[in-house]
Amino acid sequence: MMRVDTTTLADAITQCFDNATDGRFSTLQRAAFLTEGKRLRGLLLNLLSAQFNNGTQQVLDANAELKAVNTELKAAAASIAKTASTLNNVAHLVGTLDGLLGVAVSFI
């Protein structure tokens with residue numbers, strides 16, 4: 001017998017709920033993450049006890065999709081974190097360049 005990879009599913013649910021409360025996402029995105037996280041959580045409850053025949057292609061496909069989506073969820077959060085870091089770097093650069101203007105000896 002084989003099962004759906006509920007560990008990866010639980011990770012995806014957690015990531016959805018984390019994203020649903022992450023202010024770096026838009027209001028619509030946070031609402032969508034919350035809605036889908038709740039739907040996935042409902043599915044998890046049923047899939048925890050579900051067993052399938054070995055080699056069931058739908059289970060193999062679902063497990064592969066779970067891994068891919070989980071990777072995408074983590075990449076989306078990392079991308080937003082990188083964007084925030086980049087914006088901080090840009091703000092720092094603005095300050096540096098603004099300060100640089102104060103030491104210029106002349107302007108043409």
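Any read-out appearing in this document is the output of simple, stated calculations on the displayed coordinates, not a laboratory observation. It should be emphasised that the depicted structure is a prediction, and the values quoted were computed from it without experimental measurement. Note that each Cβ is placed from the backbone with ideal geometry, even for glycine, and that neighbours are counted across all protein chains shown.
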- Task: Using the structure shown, decide if Asn53 is over 21 Å from the mean Cα position of the chain (by Cα) and farther than 30 Å from Asp22 by Cβ.
- Result: yes
- Residue by residue through the stretch 22-43, note down the ones that are in contact with a helix residue (DSSP H, G or I) (Cβ under 7 Å, 6 or more places away or on another chain) and either closer than 29 Å to Asn53 by Cβ or without any contact (Cβ under 8 Å) to a residue 12 or more places away in the chain (or both). Arg30, Glu36, Leu40, Arg41
- Message: So the check is Cβ under 7 Å with 6+ separation or different chains; which pairs have a first residue in the stretch 1-20 that's farther than 15 Å from Gln58 by Cβ and a second one that's outside any helix (DSSP H, G or I) and of a type outside the set (Phe, Trp, Tyr)?
- Response: Thr6/Leu48
- Query: Conditions: (1) surrounded by 10 or more Cβ atoms within 10 Å (Cβ to Cβ); (2) without any contact (Cβ under 8 Å) to a residue 60 or more places away in the chain; (3) under 30 Å from Ala10 (Cβ atoms). Leu87 meets all but one. Number of the miss?
  - Reply: (3)
- Item | Qualifying position, being within 15 Å of the chain's Cα centre (by Cα) and either of a type in the set (Gly, Ala, Ser) or surrounded by 15 or more Cβ atoms within 10 Å (Cβ to Cβ) (or both), among Leu9, Leu28 | Leu9
- Message: Give me the residue from the stretch 67-84 that is touching a residue at least 24 places away in the same chain (Cβ under 8 Å) and of a type in the set (Lys, Arg) and, out of that set, nearest to Thr7 (Cα to Cα).
- Response: Lys67
- Task: Can you confirm whether the stretch 60-82 contains a residue that is in a loop (DSSP other than H, G, I, E, B) and among the small types (Gly, Ala, Ser)?
- Result: no
- Query: Would the stretch 59-66 turn up any residue that is closer than 16 Å to Thr14 by Cα and without any contact (Cβ under 8 Å) to a residue 60 or more places away in the chain?
  - Reply: no
- Query: Right, Asn46: in a helix (DSSP H, G or I) and loosely packed, with under 10 Cβ neighbours inside 10 Å or not?
  - Reply: yes
